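Working notes, beginning with the structure itself.
Just so you know, all these numbers are worked out from the coordinates, no wet-lab data involved. Because the structure is a prediction, the values reported are computed rather than measured. Quick reminder, even Gly has a Cβ in these numbers, built from the backbone with ideal geometry, and neighbours come from all protein chains shown.
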Amino acid sequence: MKIRYELIIYWSEEDKAFIVEVPELAGCMADGKTYQEDVQNAEIVIQQWIETAQELGREIPKPKGRLLFT
């Protein structure tokens, strides 16, 4: 799967893991012991998020690309 959604990845000292958030998909998050594992897990949860939204008949946001936060 090719990710087109923006990913925000950071290290959580509390969890001792990388955390990835997908801001365009409400509540979509993953974690991993390594940066690469975190991105792989993000691909899985994004797919699951989309599949669940389709099953529930909910709108799936189109990827906007880079989001700007100020």
Residue 19: part of a loop (DSSP other than H, G, I, E, B), of a type in the set (Val, Ile, Thr) and either in contact with a Cys (Cβ under 6 Å, 6 or more places away or on another chain) or free of Cβ contacts under 8 Å to residues at least 40 places away in the same chain (or both), yes or no?
no
Quick one: is residue 24 closer than 20 Å to residue 60 by Cα and among the acidic types (Asp, Glu)?
yes
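Conditions tested, residue by residue: (1) in contact with a helix residue (DSSP H, G or I) (Cβ under 8 Å, 6 or more places away or on another chain); (2) of a type in the set (Ser, Thr, Tyr).
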{"residue": "5", "(1), (2)": "yes, yes"}
{"residue": "12", "(1), (2)": "no, yes"}
{"residue": "24", "(1), (2)": "no, no"}
{"residue": "37", "(1), (2)": "no, no"}
{"residue": "47", "(1), (2)": "no, no"}
{"residue": "64", "(1), (2)": "no, no"}
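Within the stretch 27-60, take every residue that is of a type outside the set (Asp, Glu) and assigned to a loop (DSSP other than H, G, I, E, B) and give me the one that is surrounded by the most Cβ atoms within 10 Å (Cβ to Cβ).
28
Would it be correct to say that residue 24 is acidic (Asp, Glu), out of contact with any strand residue (DSSP E or B) (no Cβ under 8 Å at 6 or more places or on another chain) and part of a loop (DSSP other than H, G, I, E, B)?
In short, yes.
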Selected residue (only one of 23, 63 is in contact with a Phe, Trp or Tyr (Cβ under 6 Å, 6 or more places away or on another chain) and closer than 13 Å to residue 4 by Cα):
63
